[in-house]
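Engineer: Got a structure here, written out as structure tokens. Questions coming.
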Amino acid sequence: MSASVSRARLGGEVRATATLALPLVLGHVSTGLIGFVDNVIAGHHGTQTLASVTVGTALLWLPMMVPIGTLISLTASVSQLDGAQRRDEIGPLFRQALWLSLGLGALMFAFLSAVPYALAAFGIAPDIIPGARDFLHGIRWGVPALTLFFCMRYLSEGMHWTLPTMLLGFGGLLLLAPLGYVLTFGRFGLPEMGAGGLGVASAIMMWAQALAFAAYLWNAKRFAPLRLFAHFEWPRLAPIRQLLRTGLPIGITVLMEGSLFIVTALLIARLGAVPAAAHQIAINVAALCFMIPMGVAEATTVRVGRAVGRADPQGMRRAAYAGYVIVLLTQGLSAIGLLLGHDAVVALYTRDAAVAALAGTLLLYAAAFQFPDGIQVLSAGALRGLKDTRVPMWLAAFSYWGLGMPLGAGLGLGLGWGPQGMWLGLILGLTAAAVLMGLRFRHSSRRALPVA
């Protein structure tokens with residue numbers, strides 16, 4: 001009887017996590033489609049515009065991983081307070097998180113204002129620099145809104161409500177596509193702005209999303225008891241410091257993983273146009289597959305955090321196990337799809353036979369790291385629910401930059417194995433992270449409740 005009850009509870013947890021995760025997965029898809037829309041509009045405007053937007057996008061999103069990762073600490077804090085029935089503390093914490101998000105947005109604004117003047121020192125081609133500068137100077141005005149949006153998003157997700165993430169994500173796309181086209185090409189009497197027009201359109205979209213989310217939180221009945229905007233509060237050091245103590249290691253961890261893939265792309269680009277193009281195709285497909293476990297990991301953060309808040313050790317472990325079950329199933333499907341359909345997938349991207357052959361081979365490597373990639377991100381999400389972020393940061397640094405990158409560079413460049421060698425390094429780094437993060441959760445889950 002107890003075994004059947006346990007299976008039933010796990011099944012219920014799987015359903016709850018999947019329901020919570022689905023809007024998050026679709027929200028990540030909408031975020032990925034923003035880059036797709038930008039690239040399509042820029043590509044139709046001209047090759048130089050596309051190159052400028054590509055450079056500008058990389059210089060925006062790589063450092064942006066730090067504030068986005070830092071603010072995700074709000075999800076675990078809110079879910080634990082909600083689980084502990086201490087909802088009266090959520091409003092004051094949220095107001096301090098808003099100050100933190102504004103500060104992080106101001107730092108990003110300053111960075112995006114200054115970095116265009118260093119593009120020449122980065123070795124960027126002179127004909128690309130003006131467009132990249134215009135794009136960055138346009139989009140920088142939306143960065144404070146973006147950090148505010150993520151702050152409100154993480155509050156809502158911590159309260160078990162993920163639908164706004166999906167709806168506002170796709171709503172932003174519906175605004176960006178026509179607005180970006182009009183400003184880029186100069187329609188309806190407006191000047192043709194090129195890459196700068198896409199930057200301005202993106203900034204307008206970010207403010208529209210943030211204002212819409214604020215209006216929703218202000219008026220939604222489900223958030224009324226939290227009194228989120230009950231009164232004005234000046235910044236207070238103690239709660240902001242606590243959010244940074246938990247969140248900054250998350251931001252650094254996300255940055256290390258993201259920079260691993262970016263540096264890998266830069267190293268492969270040294271090998272020529274064919275390896276670079278093949279790698280870009282394969283990594284784009286892998287990134288689309290990754291959106292599913294990433295959404296499940298964020299849902300697992302909420303479920304684990306709520307169980308910790310209500311002092312439920314079995315519920316905490318059951319929430320993590322449910323996440324692992326979903327990730328193993330979805331990653332298994334992704335791996336099978338890549339193994340059986342890699343040639344068909346590549347055919348959607350290119351007709352170049354050399355690029356297609358190499359990209360198809362790299363997708364087989366991508367199939368091999370579906371399981372470790374899913375397990376490491378799920379374990380990291382479960383650890384965030386415990387507010388265990390510092391040790392995972394060091395584990396990620398060791399896995400990605402102590403093992404994965406040295407091996408990949410040594411095999412790919414040193415021994416001449418090419419892109420395949422670099423991808424073997426990625427597989428090793430992700431596998432090491434999966435093992436170490438899983439062991440860390442096993443250790444931390446045994447002592448989390450007394451600490452909480």
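Values quoted throughout were computed directly from the atomic coordinates according to the rules given, and no laboratory measurement underlies them. Everything quoted here is computed from the prediction, not taken from an experiment. Backbone-built Cβ (ideal geometry, glycine too); neighbour counts: all protein chains shown.
Engineer: Roughly how many nanometres apart are two label points built 7 Å out from the Cα toward the Cβ at Asp312 and Leu107?
Structural biologist: If labels sit at Asp312 and Leu107, their model points lie 3.6 nm apart.
Engineer: Please list the radius of gyration and Dmax for the chain, considering alpha-carbon atoms only, with Å as the unit.
Structural biologist: 22.0, 73
Engineer: Could you work out how far apart the two model spin labels at Asn284 and Val435 are, taking each label as a point 7 Å from the Cα in the direction of the beta carbon, and quote it in nm?
Structural biologist: Spacing of the two 7 Å Cα→Cβ label points: 3.4 nm.
Engineer: What is the sum of charges, Lys and Arg at +1 and Asp and Glu at -1, for the other residues whose Cβ falls under 15 Å from the Cβ of Phe185?
Structural biologist: Neighbourhood net charge equals -2.
Engineer: Next question, about the same structure. Name the helices (complete DSSP H segments) of the chain with a Cα length along the long axis of 27 Å or more and a Kyte-Doolittle mean of at least -1.0, or state none.
Structural biologist: Helices passing the filter in the chain: 2-45, 47-71, 90-114, 163-185, 195-219, 237-269, 273-309, 313-347, 419-451.
Engineer: If I stretch the segment between Trp207 and Phe398 completely, what's the gain in nm (0.36 nm per residue apart, minus their alpha carbon distance), one decimal?
Structural biologist: The span from Trp207 to Phe398 would gain 65.0 nm if fully extended.
Engineer: Helix-only estimate, please: 222 nm mean residue ellipticity of the chain, summing -39500 (n - 2.57) across DSSP H runs of length 4 or more and dividing by its residues, to the nearest 500.
Structural biologist: Helix contribution divided over all residues of the chain: -28000 deg cm²/dmol.
Engineer: Can I ask one more? Work through the residues other than Leu217 whose Cβ is under 14 Å from its Cβ and net out their charges, Lys, Arg +1 and Asp, Glu -1.
Structural biologist: Cβ neighbours under 14 Å give a net charge of +4.
Engineer: While we're here: Within the set of other residues whose C-beta is less than 11 Å from the C-beta of Gly199, count the net charge using Lys and Arg as +1 and Asp and Glu as -1.
Structural biologist: After counting each charged neighbour, the total is 0.
Engineer: Sorting check: for 364-371, 290-297, which peptide has the highest mean count of neighbouring beta carbons within 10 Å, and how do the rest follow?
Structural biologist: Most protected by this proxy first, the peptides run 290-297, 364-371.
Engineer: Follow-up question, since we're still on this one. Tell me the label-point distance for the pair Ala265, Ala353, using the 7 Å Cα-to-Cβ offset, in nm and rounded to one decimal.
Structural biologist: If labels sit at Ala265 and Ala353, their model points lie 2.9 nm apart.
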